[in-house]
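Each remark here refers to the structure printed beneath this line.
Coordinate-derived values only; no laboratory data. Owing to the predicted nature of the structure, the values given are computational and were not obtained by experimental measurement. Positions of Cβ are backbone-derived with ideal geometry, glycine not excepted, and every protein chain shown enters the neighbour counts.
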Amino acid sequence: MREITYSEAVREALSQEMRKNDDVFILGEDIGVYGGAFGVTRGMIEEFGPDRIRNTPISESGIAGAAVGSALTGMRPIAELQFSDFITIALDQMANQAAKIRYMYGGKGKVPMVLRTPSGSGTGAAAQHSQSLEAWVAHVPGLKVVQPSTGYDAKGLLKAAIDDDNPVIFYEHKTLYGTKSDVPEEQYSIPLGQADIKREGTDVTIVAYAVMVPRALEAAKELEKEGISVEVVDPRTLVPLDKETIVKSVSKTGRVVVAHEAVKRGGYGGEIASMIAESDAFDFLDAPIKRLGGAESPIPYNPELEKAHVPQVPDMIKAVKETLNKA
Amino acid sequence: MAKEVFMPKLSSTMDEGTLLEWFKEEGDPVEVGEPIFEIMTDKINIEVESYEEGVLLKRNYDVDAEIPVNAVIGYVGEEGEDVPENPPEAGANDSKGAQAGSGEDAGQTGAPAAEERGSDDVQDDTEGEKVRATPAARRVAREENVNLASVQGSGPKGRRHEQDMKDALDSTKATPLAGKIAGDQGVDLAEVEGSGAHGKVRKDDVLQHTTPAAAQSAPDEDAERIKLKGLRKAVADKMVQSTSEIPHVTLTSDVDMTHVIDVRKTLLPIIEKQTGYRVSYTEILIKAVSQLMDAHPRVNASLEGNEIVLNKSVNIGLAVAVEDGLIVPSVKDADKKGLAQLTKVSKTLGQKARDNKLTPDEMTGNTFSISNLGMYAIDSFTPIINPPETAILGVGRIVEKPVVIDGEIEVRPMMALSLSFDHRAIDGAPAAAFLTDLKERLENPYGLLI
């Protein structure tokens, strides 16, 4: 199968959906000729023109607000924020408007929009450009939250997100943009709320999303050499969460490490851990649920400190061993 | 509400007791402290007194019944109260034995400590402390009806994991002794039908299994059959345990007793006048052995699990034959006693043993034992170690024998000593050094008086 990068997969999803449906358009800062902060929309203005690849002023609130308004009037906008940290400025539009309109108007208005935004650390972009704030939006009823870890998933999930009649926050990890994977050219979509078992195992489950998935897979590979069999479950969408797949996996292995890049305190891993503890998997737990998350500090600029801030492969190996009482 | 009267656990080795006599009929009033029944344990007979005031509502067992520790023997309560028709099964006893053995509860009657109460329910708590276990371990405990507290946890702070429960389940399908015998004889436990609680395989089941039907002697209709119980059973179990678990090695040495005989002759009237008891060779042996323990600490040791405990006290166990069994009273701090005192103590203990009046304290705490068959026509024998001690001295008779001394044949009163030692704890050389020193001390016994 053809191998393309994560960012190419996102671009392909956008282009295919725009070709299919004239109501789909993109708006954001420097997405036109410049091609977006991470080059995802590069070249698209040539095919779709400035009306559908619409540059905006530097106003995240305006971008999100325009997307909400146009979605309400029947369009299917895709808003791009250059860094997911800037969602703070767009949060009123997303949390107070987009998330609630369909409910408050008894279903008579709907907001079929996608807010795409690069998240996470690893590029030396410092404290205001490197955060993972997915737990903030996942907390708001009415917003769907997606975090793909591969190009294949990104394409399929983005198409499903664009198709969805509800607002979707679509996180793309900065350091994944350049990673390659098998991505079919044809049209396909991956339903929101369907986790993927990235690797099967029997001793312990790592629930990881975004950039934590390749790290979990690498950790699993290392642990396999020591006879420890790790199952890696990628929820892919945080809202809706595929509880069934996670519960089934944890019930099988009896041990779980939940890993994310976001600060551990108040992170989405706590939600996953609580869900497991409340589920049927409880009776199969054979060790306390382990959470791996970022340090409780702003993300440092220094690359070494930045690396130390978020869980890396050795942290995962250690956590797995602790869970297995082998540390 | 009616109170249960339990079979007390009177020693760490007690698994069951035999009901000898009921002192009360159902419906009889019972006072606190009043004996309700008498039981025979593996060591003693004891009257069990009531902890409750009321009426004996129910007698669950008849005389001669062998009743597991913690089983409900009866109920005391108010007249007319309802009590269960059948005694609840004391299921947790087998697996809880080690845990429940909270020391020697001598004299405690009627109401054992809470953690000793057997129950088939999943019991999570030991006294005052919550049992640490994962949800998965708890599920297995629930499903398999295993007492969490009885299982050793491999996790942090003793947390029980699922695998611990599974391992425990596998191992508790047989008693440790049955497991050991099966291991030694290459018997697959899975093929043995267990007669214990929940199908647990017991020692007898394994032995039965290993004896082919054809090899079993045809039953003699007229033969008298004596059931192994009480002390006889305790001795039998202990001997099997000792010989199957302990790698015994026995060293022997002939000792010229000429001078010991002289010493005894000299001291006999003095000690008899002082104590009223006649000093015997046994006391002289106790004295000699005790004096050497400082120099040979491994002989005065106990093997507990993976640890050799070098005992500070020297408590010499004295094997005493009693009716239908063997009891080993303990001469405490023998190294600190003179011959007169040793004579008095050992004679007193021997008599109490024969009268079945020893207290549990007088039967426990030995650090080394002596088994003397010198009063019989026995030259030497292989004594069996009394666990957890690491050695035992067997003493034969004194008999005149020709011995070569300085190239001349002389007739001397000779006595054979046999030292069996646990080769896990002691090696041949230090054991031989001890026996050599003992021979030397006995052949030059005036050192005993120092």
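Computed from phi, the 3J(HN,Hα) profile of segment B:343-349 under the Karplus parametrisation 6.51, -1.76, 1.60 (θ = phi - 60°) reads 4, 4, 5, 5, 5, 5, 4 Hz, with x in place of Gly and Pro. Shape class for segment A:49-145: oblate, because the ratio a/c of the largest to smallest gyration tensor axis (alpha-carbon atoms, square roots of eigenvalues) is 1.5 or more and b/c is at least a/b. About its Cα centre, the dipole of segment A:3-182 is roughly 400 debye, where the only charges are +1 on Lys and Arg Cβ and -1 on Asp and Glu Cβ. Size of chain A: Rg and Dmax of its alpha carbons, in Å, are 19.4, 59. Distances between placed amide hydrogens fall under 5 Å for B:Ile73 paired with B:Val5, B:Phe6, B:Met7, all partners being 5 or more residues away or on another chain.
Pairwise Cα distances in segment A:80-189 exceed 24 Å for 27 percent of all pairs. With the biggest extent put first, the Cα atoms of the protein assembly as shown measure 127, 78, 54 Å across the principal axes.
For A:Ile299, neighbours were defined as the other residues whose beta-carbon sits under 13 Å from its Cβ, and their charges (Lys and Arg +1, Asp and Glu -1) total -3. Expressed as an acute angle from 0 to 90° and rounded to the nearest 10, what is the orientation of the C-alpha long axis of helix B:258-275 relative to the principal long axis of chain B? Orientation of helix B:258-275: about 60 degrees from the principal axis. With a simple spin-label model that places each label point 7 Å from the Cα along the Cα-to-Cβ direction, the separation between B:Val32 and A:Lys318 comes to 5.9 nm.
What the Cα atoms of segment B:209-307 give is an Rg and a Dmax of 22.2, 62 Å. Distance from the Cα centroid of segment A:214-259 to that of segment B:218-269 is 63 Å (rounded to whole angstrom).
Can you put A:Lys159, B:Lys336 in order of Cβ neighbours within 10 angstrom, beginning with the fewest?
The fewest-first ordering by Cβ neighbours comes to B:Lys336, A:Lys159.
Taking every Cα-Cα distance in segment B:231-449 and sorting them into 10 Å bins starting at zero, the pair-distance distribution P(r) comes out as 8, 34, 38, 17, 3, 0 percent. Spatial offset of segment A:136-176 relative to segment B:361-437 amounts to 85 Å, using the alpha carbon center of each.
Bridging of B:Lys357 to lysines at a Cα separation below 20 Å is possible for B:Lys9, B:Lys43, B:Lys229, B:Lys233, B:Lys332, B:Lys344, B:Lys347, once same-chain residues fewer than 8 apart are set aside. Relative to the longest principal axis of the Cα atoms of chain B, helix B:281-292 runs at roughly 80 degrees.
Starting from the Kirkwood Rh over alpha-carbon pairs, what translational D in µm² s⁻¹ does segment A:196-323 have by Stokes-Einstein at 20 °C and 1.002 mPa s?
149 µm²/s
From largest to smallest, the equivalent ellipsoid semi-axes obtained for segment A:160-262 from the alpha-carbon gyration tensor read 25, 17, 12 Å. Axis of helix B:230-245 versus longest Cα principal axis of chain B: the two differ by about 70°, to the nearest ten degrees. Taking the centroid of alpha carbons for each part, segment B:147-175 and segment A:266-327 are 28 Å apart.
The string of couplings for segment A:128-141 from the Karplus curve (6.51, -1.76, 1.60, θ = phi - 60°) is 9, 9, 9, 7, 10, 10, 4, 5, 4, 7, 5, 6, 9, x Hz, one whole number per residue in order, with x for Gly and Pro. Overall form of chain B: prolate. Here a/c, set by the Cα gyration tensor axes a ≥ b ≥ c, is 1.5 or more, and a/b is the larger of a/b and b/c. With contributions of -39500 (n - 2.57) from each DSSP H run of at least four residues, the per-residue ellipticity at 222 nm computed over the protein assembly as shown stands at -9500 deg cm²/dmol. Between B:Phe381, A:Phe86, B:Val48, the Cα set farthest toward the positive side of the dipole of the protein assembly as shown (charges on each charged residue's Cβ, about the Cα centre) is that of A:Phe86.
Would you mind working out the magnitude of the charge dipole of segment B:225-323 relative to its Cα centre, with +1 at each Lys and Arg C-beta and -1 at each Asp and Glu C-beta, to the nearest 20 Debye?
Details: 13 positive and 11 negative charges, 114 e Å.
Rounded to the nearest 20 debye, it is 540 debye.
Taking other C-beta atoms within 10 angstrom as a stand-in for reagent exposure, A:Thr253, B:Thr211 fall in the order B:Thr211, A:Thr253, fewest first. Per-residue Karplus couplings for segment A:105-111, computed as 6.51 cos²θ - 1.76 cosθ + 1.60 with θ equal to phi - 60°, are listed in order as 9, x, x, 7, x, 9, 10 Hz, Gly and Pro entered as x.
Only one residue of B:Ala234, B:Asn372, A:Pro50 has its Cα farthest out toward the positive end of the dipole of the protein assembly as shown, where Lys and Arg carry +1 and Asp and Glu -1 on Cβ, and that residue is A:Pro50. Exposed loop sites were defined as GluC sites (Glu not before Pro) in DSSP loop states (anything but H, G, I, E or B) carrying at most 16 other C-beta atoms within 10 Å; in chain B the longest segment without such a site runs B:324-450.
Given a cut-off of 18 Å, name the pairs among A:Lys159/A:Lys243; B:Lys58/B:Lys227; A:Lys252/B:Lys166; A:Lys155/A:Lys243; A:Lys144/A:Lys243 whose C-alpha atoms lie farther apart than that in the structure shown.
Cα-Cα > 18 Å for A:Lys159/A:Lys243; B:Lys58/B:Lys227; A:Lys155/A:Lys243; rest within.
Note on B:Thr258 and A:Asn96: the model spin-label points, each 7 Å out from Cα along the C-beta direction, lie 11.6 nm apart.
A Gaussian network model of chain A, with springs between Cα atoms under 10 Å, assigns the largest mean-square fluctuation among A:Ser84, A:Ser59, A:Ser149 to A:Ser59. The H on the amide N of A:Arg76, modeled in the peptide plane, is under 5 Å from the matching H of A:Val24, A:Phe25, each at least 5 residues off or on a different chain.
With neighbours defined as other Cβ atoms within 10 Å of a residue's Cβ, the residues A:His260, B:His423, B:His161 order from fewest to most as B:His423, B:His161, A:His260. Taking amide hydrogens as placed 1.01 Å from N in the peptide plane, the amide H of B:His296 sits under 5 Å from that of no residue at least 5 positions away in sequence or on another chain.
For segment B:289-342, what class follows from the C-alpha gyration tensor (a ≥ b ≥ c being the square roots of its eigenvalues): rounded when a/c is under 1.5, otherwise prolate if a/b is larger than b/c, else oblate?
It comes out oblate by the Cα gyration axes.
Over all directions, the projected convex hull of the C-alpha atoms in segment A:3-182 averages 9.2 nm² in area.
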